[in-house]
Each structure stands twice: as structure tokens, then as C-alpha cells.
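These notes concern the structure reproduced below.
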Amino acid sequence: MGLLPIAPILLLPFIIVFFVVVFPIWGVSLGVLGLLLLILRALDALGRAAGVDVFGPAASALSRALRWVLTFGGFTERFKERRT
């Protein structure tokens, strides 16, 4: 029991690295992918209005990529698959 207060001190560097490095990079990547998806969907809508369906597969692939980043690399989806 005397060593119990040392655990938060040992974990502090990992917590700092996560919130200072990993979390901001994740947030920026969500923003960039979201903006690219918005632009690509607009191009897809313009292309469909012109009768061209060339941006559809790219928009769906980018949507899957955004979903992958949003779920921490599919980490949260793995547990959903195991329960069902």
C-alpha cells in the first residue's frame, strides 16, 4: 500500500505524451479528412449533375478512411464485432 501513490507518477509521462502529441494529431487528421471529404462530395455532386460518376468511389473510400480515423483505427469496432 505504500507504493500506491507512485503509480500516477509513473503514468504521468504517458498521459502527457498522449494529450500533447497523439490527441492533437488525431484532431488535426479528423479535420483534414473531414474537409477533404466535404470537397470530394461537392465535386461528386457537381459531377453527377454533369452526368459523370467518377468521384463516387473516391468519396466512399474517403468516408471509410474518415470512419477509420474516427474510431481510433478501428479499435472501437473490434469490440462491437466480438459482442455480436
Which value, in debye to the nearest 20, gives the size of the charge dipole of the stretch 6-83 about its Cα centre, when Lys and Arg are +1 and Asp and Glu are -1 at the Cβ? 260 debye
Cα lying deepest toward the dipole's positive end in the stretch 6-83, options Val17, Ile6, Ala45, charges on Cβ: Ile6
Quote to one decimal, in nm, the extra length available between Ala7 and Ala50 on full extension: 0.36 nm per residue of separation minus the C-alpha distance between them. 9.3 nm
Helix runs (DSSP H) in the chain reaching 24 Å along axis by Cα, Kyte-Doolittle at least 1.0: 23-50
Fraction in percent of alpha-carbon pairs per bin - 5 Å, the chain: 3, 13, 13, 13, 13, 12, 11, 8, 5, 3, 3, 2, 1, 1, 0
What FRET efficiency comes out for the pair Thr76/Val22, r = Cβ-Cβ distance, R0 = 22 Å, nearest 0.05? 0.90
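Any read-out appearing in this document is the output of simple, stated calculations on the displayed coordinates, not a laboratory observation. Since the structure is predicted, the reported quantities are computational estimates derived from the model, not experimental observations. For neighbour counting, all protein chains shown are included, and Cβ atoms are generated from backbone atoms with ideal geometry for every residue, glycine included.
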